[in-house]
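Shown next, in structure tokens, is the structure this report addresses.
The numbers here are math on the coordinates, done by the rules we state, and not lab data. Model, not experiment: these values are computed from the prediction. Ideal geometry is used to build each Cβ from the backbone, glycine not excepted, and the neighbour counts take in all protein chains shown.
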Amino acid sequence: MSTDQEESGVRHFDHCPWLFADEATEEQRAAQRERQRAIGGDSEVGERCYVAESAAVFPDRLRLGDDSYIAAHAYVTDELTTGTDCTLNPFATVRGTVTLGNGVRIGAHTSLLGFNHSMAPDRPVFQQPHTSRGITIGDDVWIGSHVVVVDGVTIGDHCVIGAGAVVTRDLPAWTVAAGNPARPLRDRRGAKASPAPSGADSLTRFADTTRAQAADILARCWDGDRYVDRPGATPTLRAHCDAVEIADLLTGSAPEQLTADEHGKRLSAAQDPDTGLTPELGEVLPAPDEDGFVGDGPALYHLLSAGYALDLLGLSFPHPVRGTKEMTSRQLVTRLDGLPWQEGAWGAGAWIDAWATAAHWNLRHEGEGGVHPGALESLFGWLLTRVDPWTGMWGSPSAETGRLQVVNGYYRLTRGSFAQFGLPVPHPERVVDAVLDHARDPRHFGAGRDNACNVLDVAHPLWLCTRQLGNGSRGEGYRSADIRSWAESRLAAILPRWQDGRGFGFGPGPAGPGPEAGLQGTEMWLAIIWYLADLLGRTDALGYRPRGVHRPEPARSTVRNDTGAPTAR
């Protein structure tokens, strides 16, 4: 083959890369393999892919899925991750952090700009740093020619974006959108687009379905003697507690496998009378640390799950938690200082949640219970003086996981302290900024990557802060439009995941119980749906309200009253 023929073939395939697999010669295939090897950065290119010789591909990190191509004169930098069967057509620009699902088509001259300039007034724009929240695009998405998608946007599965659109906000699954700024025109499945794609009617139908199937879901997870999270799993105390929460939420009664009295006796008997902690079924409690409390393990979460399950049954832990009752202010501050804030903010927040919840239950034990004088005040004083004023949070993000540890730790920490005791969180506007930024991280919220923990740990802080800021669910408050857009997109993605007669799975991947439907996933997603609906002013359509671990109201109105005695709601 002559040089002119080779150059003509390259130009041909660069502009029509879909022909390469069937028409390329062995020499052209060898040249393409060399082209792919020459891509810089941390790059991995899948099987049967094509990267145009004329494309400017200079990534820091590239993951190009099987059967995908980058066509002529495309410009790709920074971090791009694609699924299978994805196409970047001629002159497409992809910069910043961008994640594509499977079967995504990016039209010619379209720009996906997953980064932005800072623009503070103290210096010229060209001297300011870039920021990147990233762009996430789901499966089976067609983006037409000359479209611009800006940083921070998530486009749901099955969307179609008309030519020339400028996409500035998230779009839920199945949306057909166009315009500048892009607006939903209709549902791709045939219905005219509604301003509330997860509106009252769909929530009502969902809630009616869950109530009708609640008994079957609980029966499915009863092995004849104990509750399991899902059939075939080992019985756990949390599964029993989740069953109590689900039954209370959907039926207003205790699970029918036992009487309410029998449920209460089993959960009460599980508590160790000496330490006041509750071990896993059939297991022994770990030895307490020097300050009398434990540092990790299921006994910490049982302070929440078993305590609130008993509360729903009209009971309380029969014994106070000794490690909370006897821990001095000095010991508590030492423990707080030693928590893994840099490398494990989630674990640090979970510990505070457990200790503060134990304090809440102890304050019900007049005389024999309670909390060491000044300990609760030390807890809140420490939190208020150690919070980062730029984010309203505790802990530090990491290059590997971004804000995941910090935001998830924030939810656990504030759930047990500020929310449970009815106190305002510091710097709520900065919290909203940080949480919304985290919610656009494709590593945790990309197509098929979210799970119940990660979504709850965004939904609850947003809900908590909007209530404190006075944002009405339909009013204009701090970043209300962004919050509502996120809540809409999450509801649209979550409601179809309900599995008839089985409930919800926790989420994809190895985290938590995994994708199979079970009690933990069902209990958590039902609560999440309530919070998302309340952010949108639609909880009346659900007809239920969490009353246990995920209750929206404070469990205790103040730390102490003027006499020093505990005051509870």
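Odds and ends about this structure:
- Farthest positive-ward along the stretch 280-388 dipole, Cα basis, beta-carbon charges - from ALA299, THR385, GLY349: THR385
- Among 513-522, 18-27, the order from most to least packed when residues are scored by Cβ within 10 Å on average: 513-522, 18-27
- With viscosity 1.567 mPa s and temperature 4 °C, the Kirkwood radius over alpha carbon pairs of the stretch 347-432 converts through Stokes-Einstein to a diffusion coefficient of 95 µm²/s.
- Scoring 273-285, 439-451 by mean Cβ neighbours within 10 Å over their residues and listing the highest first yields 439-451, 273-285.
- Furthest towards positive pole of dipole, LEU113, ALA492, PRO17, structure part the chain, Cβ charges: ALA492
- FRET efficiency, 1/(1 + (r/R0)^6) with R0 56 Å, evaluated for LEU19 and VAL284 via beta carbons: 0.25
- Point-to-point label distance, ALA219-SER54, nm (Cα→Cβ direction, 7 Å offset): 6.6 nm
- Whole-Å semi-axes of the ellipsoid equivalent to the stretch 203-302 (Cα gyration tensor, √5λ, descending): 30, 14, 13
- Annotation: amide H of GLY114 within the under-5 Å range of ARG95, GLY96, THR97, sequence separation 5 or more or interchain, hydrogens built in the peptide plane.
- For the chain, the 222 nm mean residue ellipticity estimated from helices alone, with every DSSP H stretch of n ≥ 4 adding -39500 (n - 2.57) and the total spread over all residues, rounds to -11500 deg cm²/dmol.
- Computed magnitude of the charge dipole of the chain (debye, nearest 20; Cβ of K, R +1, Cβ of D, E -1): 1620 debye
- Residue-count net charge about HIS460 - beta-carbon cut-off 10 Å; Lys, Arg +1, Asp, Glu -1: +1
- Calculated Rg and Dmax of the stretch 3-187 using C-alpha coordinates, Å: 17.0, 57
- Amide H contacts of VAL148 (H built 1.01 Å from N, in plane; Pro and chain starts excluded): SER111, ALA165, VAL166, VAL167 sit under 5 Å, all sequence-distant by 5 or more or on other chains.
- Rel. contact order, % - alpha carbon contacts under 8 angstrom, at least six apart, the chain: 10 percent
- Convex hull volume per residue for the stretch 77-123, taking Cα atoms only, in Å³: 82 Å³
- Note on the stretch 56-185: dipole from Cβ charges, positive end direction compared against THR136, ASN102, ALA182; the farthest Cα belongs to ALA182.
- With a simple spin-label model that places each label point 7 Å from the Cα along the Cα-to-Cβ direction, the separation between GLU429 and HIS130 comes to 2.9 nm.
- Table column - 3J(HN,Hα) (Hz), the stretch 84-99, Karplus curve with 6.51, -1.76, 1.60, x for Gly and Pro: 8, 6, 10, 9, 10, 7, x, 6, 5, 10, 10, 9, x, 9, 10, 10
- Stretching the chain fully between ARG188 and ASP540 yields a gain of 123.9 nm (0.36 nm per residue, less the alpha carbon separation).
- Think of each Lys and Arg Cβ as +1 and each Asp and Glu Cβ as -1; about the Cα centre, that makes the dipole of the stretch 3-187 roughly 800 debye.
- Evaluating kT/(6 pi eta Rh) at 20 °C and 1.002 mPa s, with the Kirkwood radius of the chain over Cα pairs in the Stokes-Einstein relation, gives 83 µm² s⁻¹.
- In sequence order, the stretch 280-290 has phi-based couplings of 5, 3, x, 10, 9, 5, x, 5, x, 6, 4 Hz under the Karplus curve 6.51 cos²θ - 1.76 cosθ + 1.60, θ = phi - 60°, and Gly or Pro positions carry x.
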